[in-house]
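Below is one structure, written out as C-alpha coordinates; comments come after it.
The values are calculated or read from the model by the stated rules, or taken from the named source; none is laboratory data. Bear in mind that the values here come from a model prediction, so they are computed numbers and not experimental data. As a convention, Cβ positions derive from the backbone with ideal geometry for all residues, glycine included, and neighbour counts pool all protein chains shown. Just the protein is used for accessible areas: all its heavy atoms, side chains included, with ligands, DNA and RNA removed. Shrake-Rupley method; radii C 1.70, N 1.55, O 1.52, S 1.80 Å.
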Amino acid sequence: MKHLVAPSVLSANFANLQADIELINKSEADWFHVDVMDGVFVPNISFGFPVIKALKKFAKKPLDVHLMIVDPDRYVTAFKEVGADILTVHLEACTHLHRSIQNIKNNGMKAGVAINPHTNVELLRDCIADIDLVCLMSVNPGFGGQKFIENTYLKVSNLKKIILETKSKALIEIDGGVDLNNYKKLIDCGANVLVAGNTVFGSQNPIQTISDLKK
Ligand code: DX5
Ligand code: ZN
(Lines give C-alpha, C1' and ligand atoms only; values in the text may rest on other atoms or scores of the structure.)
(Ligands and ions follow the chains in the order given, each with its own letter.)
Protein backbone atom coordinates (compact mmCIF):
# COMPACT_ATOMS: atom_id res chain seq x y z
CA MET A 1 0.00 0.00 0.00
CA LYS A 2 1.26 3.45 -0.89
CA HIS A 3 1.54 5.62 2.21
CA LEU A 4 -0.85 8.48 2.93
CA VAL A 5 -0.14 12.09 3.90
CA ALA A 6 -2.39 14.02 6.27
CA PRO A 7 -1.50 17.71 6.69
CA SER A 8 -2.38 18.99 10.16
CA VAL A 9 -4.84 21.87 10.11
CA LEU A 10 -3.42 23.01 13.47
CA SER A 11 -0.58 24.68 11.54
CA ALA A 12 -2.88 26.33 8.97
CA ASN A 13 -3.73 30.03 8.88
CA PHE A 14 -6.88 30.34 11.03
CA ALA A 15 -7.47 33.86 9.73
CA ASN A 16 -7.95 32.42 6.25
CA LEU A 17 -8.70 28.78 6.80
CA GLN A 18 -10.58 28.43 3.55
CA ALA A 19 -7.45 29.22 1.52
CA ASP A 20 -5.51 26.47 3.29
CA ILE A 21 -8.40 24.02 2.87
CA GLU A 22 -8.38 24.69 -0.89
CA LEU A 23 -4.62 24.21 -0.88
CA ILE A 24 -4.96 20.75 0.68
CA ASN A 25 -7.85 19.94 -1.68
CA LYS A 26 -5.75 20.55 -4.75
CA SER A 27 -2.59 18.93 -3.36
CA GLU A 28 -1.65 15.24 -3.32
CA ALA A 29 -2.64 15.03 0.36
CA ASP A 30 -4.97 12.18 1.31
CA TRP A 31 -6.67 13.35 4.51
CA PHE A 32 -7.12 16.44 6.66
CA HIS A 33 -5.65 15.84 10.14
CA VAL A 34 -7.76 17.72 12.67
CA ASP A 35 -6.40 18.17 16.21
CA VAL A 36 -8.90 18.78 19.00
CA MET A 37 -7.38 19.79 22.37
CA ASP A 38 -9.28 20.47 25.57
CA GLY A 39 -6.71 22.12 27.83
CA VAL A 40 -7.04 19.19 30.28
CA PHE A 41 -5.65 16.11 28.57
CA VAL A 42 -3.03 18.36 26.96
CA PRO A 43 -1.79 21.80 28.03
CA ASN A 44 -3.35 23.60 25.05
CA ILE A 45 -6.77 24.39 23.59
CA SER A 46 -7.27 24.26 19.83
CA PHE A 47 -10.77 24.37 18.31
CA GLY A 48 -14.08 22.53 18.45
CA PHE A 49 -17.31 21.74 16.64
CA PRO A 50 -18.07 25.02 14.79
CA VAL A 51 -14.62 25.08 13.18
CA ILE A 52 -14.78 21.41 12.14
CA LYS A 53 -18.24 21.95 10.68
CA ALA A 54 -16.95 24.87 8.61
CA LEU A 55 -13.94 22.82 7.52
CA LYS A 56 -16.16 19.93 6.43
CA LYS A 57 -18.14 22.22 4.14
CA PHE A 58 -15.12 22.84 1.92
CA ALA A 59 -12.92 19.79 2.49
CA LYS A 60 -12.91 17.33 -0.42
CA LYS A 61 -10.93 14.69 1.51
CA PRO A 62 -11.69 12.67 4.66
CA LEU A 63 -11.39 14.31 8.07
CA ASP A 64 -9.01 12.43 10.36
CA VAL A 65 -10.00 13.83 13.75
CA HIS A 66 -7.51 13.36 16.60
CA LEU A 67 -9.08 13.91 20.02
CA MET A 68 -6.69 15.03 22.73
CA ILE A 69 -9.47 15.30 25.28
CA VAL A 70 -10.52 13.53 28.48
CA ASP A 71 -13.63 11.35 28.43
CA PRO A 72 -13.98 11.35 24.62
CA ASP A 73 -16.96 8.94 24.71
CA ARG A 74 -19.27 11.83 25.59
CA TYR A 75 -18.63 13.49 22.23
CA VAL A 76 -18.42 10.63 19.72
CA THR A 77 -21.86 11.25 18.20
CA ALA A 78 -21.24 14.99 18.04
CA PHE A 79 -18.03 14.50 16.08
CA LYS A 80 -19.86 12.27 13.62
CA GLU A 81 -22.46 15.00 13.17
CA VAL A 82 -19.87 17.65 12.28
CA GLY A 83 -18.25 15.37 9.71
CA ALA A 84 -15.47 13.23 11.19
CA ASP A 85 -14.62 10.22 9.00
CA ILE A 86 -11.92 8.76 11.24
CA LEU A 87 -12.14 9.43 14.97
CA THR A 88 -9.07 8.82 17.12
CA VAL A 89 -9.12 8.68 20.91
CA HIS A 90 -6.15 8.41 23.25
CA LEU A 91 -5.59 5.11 25.04
CA GLU A 92 -4.50 7.18 28.06
CA ALA A 93 -7.90 8.95 28.11
CA CYS A 94 -10.10 5.83 27.89
CA THR A 95 -10.85 3.60 30.87
CA HIS A 96 -12.85 1.26 28.65
CA LEU A 97 -10.96 1.48 25.39
CA HIS A 98 -12.71 -1.49 23.79
CA ARG A 99 -16.07 0.14 24.43
CA SER A 100 -14.87 3.47 23.03
CA ILE A 101 -13.72 1.77 19.82
CA GLN A 102 -17.08 0.04 19.39
CA ASN A 103 -18.88 3.32 20.08
CA ILE A 104 -16.95 5.04 17.27
CA LYS A 105 -17.68 2.21 14.83
CA ASN A 106 -21.35 2.06 15.79
CA ASN A 107 -21.49 5.74 14.89
CA GLY A 108 -20.30 4.94 11.37
CA MET A 109 -16.69 6.14 11.62
CA LYS A 110 -13.32 4.44 11.38
CA ALA A 111 -11.84 3.98 14.86
CA GLY A 112 -8.37 5.23 15.72
CA VAL A 113 -6.36 4.87 18.92
CA ALA A 114 -3.49 7.24 19.71
CA ILE A 115 -0.72 6.50 22.18
CA ASN A 116 1.68 8.92 23.85
CA PRO A 117 5.45 8.54 23.49
CA HIS A 118 5.74 6.79 26.88
CA THR A 119 3.04 4.19 26.17
CA ASN A 120 4.18 0.74 25.07
CA VAL A 121 2.67 -0.58 21.83
CA GLU A 122 2.09 -3.98 23.51
CA LEU A 123 -0.88 -2.41 25.33
CA LEU A 124 -2.72 -2.45 22.00
CA ARG A 125 -2.34 -6.17 21.31
CA ASP A 126 -5.65 -7.26 22.80
CA CYS A 127 -7.75 -4.80 20.82
CA ILE A 128 -5.66 -4.33 17.68
CA ALA A 129 -8.05 -6.51 15.63
CA ASP A 130 -10.80 -3.93 16.20
CA ILE A 131 -8.72 -0.83 15.47
CA ASP A 132 -8.61 0.81 12.02
CA LEU A 133 -5.76 3.19 12.79
CA VAL A 134 -3.06 3.49 15.44
CA CYS A 135 -1.70 7.00 15.85
CA LEU A 136 1.80 6.83 17.31
CA MET A 137 2.63 10.17 18.89
CA SER A 138 6.19 11.05 17.97
CA VAL A 139 6.08 14.18 20.18
CA ASN A 140 4.25 14.82 23.44
CA PRO A 141 0.81 15.93 22.25
CA GLY A 142 -0.35 19.51 22.61
CA PHE A 143 1.60 21.61 20.14
CA GLY A 144 2.71 21.70 16.53
CA GLY A 145 6.32 22.26 15.52
CA GLN A 146 8.00 20.07 18.16
CA LYS A 147 11.08 17.89 17.75
CA PHE A 148 10.61 14.29 16.60
CA ILE A 149 11.35 11.64 19.27
CA GLU A 150 13.81 9.10 17.82
CA ASN A 151 12.48 6.11 19.81
CA THR A 152 9.44 6.24 17.49
CA TYR A 153 11.21 4.15 14.81
CA LEU A 154 11.45 1.23 17.24
CA LYS A 155 7.80 1.65 18.20
CA VAL A 156 6.73 1.54 14.55
CA SER A 157 8.65 -1.70 13.97
CA ASN A 158 7.26 -3.30 17.15
CA LEU A 159 3.71 -2.26 16.31
CA LYS A 160 4.10 -3.53 12.76
CA LYS A 161 5.08 -6.92 14.17
CA ILE A 162 1.95 -7.02 16.37
CA ILE A 163 -0.23 -6.09 13.39
CA LEU A 164 1.26 -8.85 11.23
CA GLU A 165 1.07 -11.45 14.02
CA THR A 166 -2.60 -10.69 14.72
CA LYS A 167 -3.54 -10.21 11.04
CA SER A 168 -4.99 -6.81 11.98
CA LYS A 169 -5.73 -4.32 9.20
CA ALA A 170 -4.82 -1.32 11.33
CA LEU A 171 -2.88 1.48 9.66
CA ILE A 172 0.08 3.03 11.47
CA GLU A 173 -0.01 6.84 11.58
CA ILE A 174 2.89 8.96 12.81
CA ASP A 175 2.04 12.28 14.40
CA GLY A 176 4.53 14.94 15.42
CA GLY A 177 7.77 16.28 14.01
CA VAL A 178 7.50 14.41 10.72
CA ASP A 179 9.74 16.08 8.13
CA LEU A 180 11.56 15.48 4.87
CA ASN A 181 14.54 13.98 6.73
CA ASN A 182 12.71 11.31 8.72
CA TYR A 183 9.66 10.33 6.66
CA LYS A 184 11.41 7.71 4.50
CA LYS A 185 12.82 5.83 7.49
CA LEU A 186 9.35 5.87 9.11
CA ILE A 187 7.84 4.29 6.03
CA ASP A 188 10.63 1.71 5.87
CA CYS A 189 9.81 0.76 9.49
CA GLY A 190 6.14 0.22 8.55
CA ALA A 191 4.33 3.57 8.80
CA ASN A 192 1.26 4.02 6.56
CA VAL A 193 0.11 7.56 7.31
CA LEU A 194 2.27 10.64 7.87
CA VAL A 195 0.81 13.64 9.68
CA ALA A 196 2.65 16.86 8.95
CA GLY A 197 1.85 20.31 10.28
CA ASN A 198 4.83 22.60 10.47
CA THR A 199 6.70 20.79 7.67
CA VAL A 200 3.84 21.55 5.26
CA PHE A 201 2.51 24.93 6.37
CA GLY A 202 5.88 26.31 7.45
CA SER A 203 7.36 25.64 4.02
CA GLN A 204 7.65 28.06 1.09
CA ASN A 205 5.60 25.82 -1.16
CA PRO A 206 3.19 23.58 0.81
CA ILE A 207 1.84 21.84 -2.31
CA GLN A 208 5.36 20.84 -3.34
CA THR A 209 6.22 19.75 0.22
CA ILE A 210 3.14 17.49 0.31
CA SER A 211 4.19 16.06 -3.04
CA ASP A 212 7.71 15.44 -1.67
CA LEU A 213 6.27 13.64 1.38
CA LYS A 214 4.29 11.39 -0.99
CA LYS A 215 7.44 10.21 -2.79
C1 DX5 B 1 0.36 17.48 18.25
C2 DX5 B 1 -0.67 17.21 17.20
C3 DX5 B 1 -0.09 17.10 15.86
C4 DX5 B 1 0.55 18.35 15.34
C5 DX5 B 1 1.64 17.94 14.41
O6 DX5 B 1 -0.20 17.39 19.50
O7 DX5 B 1 -1.37 16.02 17.49
O8 DX5 B 1 -1.05 16.61 14.92
O9 DX5 B 1 -0.35 19.20 14.67
O10 DX5 B 1 2.34 19.07 14.05
P11 DX5 B 1 3.85 18.99 13.55
O12 DX5 B 1 3.85 18.19 12.30
O13 DX5 B 1 4.20 20.43 13.33
O14 DX5 B 1 4.67 18.37 14.65
ZN1 ZN C 1 -2.60 15.08 15.82
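Data table
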| quantity | calculated |
| --- | --- |
| Nearest-20 debye value, the chain charge dipole, Cβ charges on Lys, Arg, Asp, Glu | 500 |
| Rounded accessible area per residue of the range 4-214, 1.4 Å, Å² | 44 |
| Portion, in percent, of the accessible area of the range 4-214 that falls on carbon or sulfur, probe 1.4 Å | 51 |
| Over 19 Å (Cα to Cα) - which of 61/155; 26/105; 2/61; 185/215; 110/214 fall in this group | 61/155; 26/105; 110/214 |
| Overall dimensions of the chain as given by Cα atoms, namely Rg and Dmax in Å | 15.8, 46 |
| Area of residue 74 that stays accessible when all protein chains are in place (1.4 Å probe, Å², to 10) | 150 |
| Estimated 222 nm signal from helices in the chain, with DSSP H stretches of n ≥ 4 weighted -39500 (n - 2.57), rounded to 500 | -9500 deg cm²/dmol |
| Residue 143 accessible area, 1.4 Å probe, all protein chains in place, Å² to nearest 10 | 100 |
| Cleavage-rule hits (trypsin sites (Lys or Arg not before Pro)) in the range 1-70: DSSP loop, at most 13 neighbouring Cβ within 10 angstrom | 2, 60 |
